[in-house]
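Quick notes on the structure that follows.
Throughout, read-outs are computed from the coordinates displayed, never taken from laboratory work. Given the structure is predicted, the values throughout are model-derived calculations rather than measurements. With ideal geometry, Cβ positions are generated from the backbone for all residues, glycine too; neighbour counts draw on all protein chains shown.
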Amino acid sequence: MQTVQNSGNFTVFASYSSKDIETIKPILERISYIEGVKIFFADQDLQPGEMINRSITQNILNSDIFLLFYSESAKQSTYVQQEIGVALGHNKIIIPLLLDETKPTGMLANIQYLDLSVETKRPSELERLYNFIVRNVQTKNQNQLIGALALLGIGYLLYKSSKDQDEYDDCY
């Protein structure tokens, strides 16, 4: 998979069965072109010798969105089930993407999914996903800008207060 090396601050964790890799690659590639998005894709990002469970858990915790590529293979995958548990346990935004007729059950049953299994629905469902991610990237960037401006404002007030105190001390 050719992806843009994007040092974005909005992270998407891709959870999938290795049996579905060829199906999900084009989807992840399209998402990777959204400015500011970084995707954790285990088959590409895990390094030789790396502790798999630790790395996957850390990347889920650091993610903004957990994309769950759901299929019968994913349902049967121990790793995918563990990843779902970590994401649920840490209140991550989970977006199930149905790759076949297998529907999420249990704790995932009440989560709105996107159905990619029906070829005629696929383009509009992928557009919904793409737009959702773009909106979330923009919101996160705006919130970070507001936070930075607030810190600058506080810094200015502290500087001004210190300067006023110095002027006051000089007068007396």
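The table for this structure:
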item	result
Residues of the stretch 53-78 classified as of a type in the set (A, V, I, L, M, F, W, C) and surrounded by fewer than 19 Cβ atoms within 10 Å (Cβ to Cβ), total	1
Qualifying positions in the stretch 113-141 - surrounded by 13 or more Cβ atoms within 10 Å (Cβ to Cβ), out of contact with any Leu (no Cβ under 7 Å at 6 or more places or on another chain) and assigned to a loop (DSSP other than H, G, I, E, B)	Lys121
Residues that are under 16 Å from the mean Cα position of the chain (by Cα) and part of a loop (DSSP other than H, G, I, E, B), drawn from the stretch 89-112	His90, Asn91, Lys92
Complete set of residues in the stretch 31-44 that are assigned to a helix (DSSP H, G or I) and closer than 16 Å to Asn136 by Cα	Ile31, Ser32
Qualifying residue in the stretch 5-19 (condition: charged (D, E, K, R) and either outside any helix (DSSP H, G or I) or surrounded by 15 or more Cβ atoms within 10 Å (Cβ to Cβ) (or both))	no
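So that you can scan it fast, the table gives a plain yes or no per residue for (1) under 23 Å from Leu116 (Cβ atoms); (2) out of contact with any Pro (no Cβ under 7 Å at 6 or more places or on another chain); (3) among the hydrophobic types (A, V, I, L, M, F, W, C):
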{"residue": "Ile52", "(1), (2), (3)": "no, yes, yes"}
{"residue": "Ser55", "(1), (2), (3)": "no, yes, no"}
{"residue": "Ile60", "(1), (2), (3)": "yes, yes, yes"}
{"residue": "Tyr70", "(1), (2), (3)": "yes, no, no"}
{"residue": "Tyr79", "(1), (2), (3)": "yes, yes, no"}
{"residue": "Glu83", "(1), (2), (3)": "yes, yes, no"}
{"residue": "Leu88", "(1), (2), (3)": "yes, yes, yes"}
{"residue": "Pro96", "(1), (2), (3)": "yes, no, no"}
{"residue": "Asp100", "(1), (2), (3)": "yes, yes, no"}
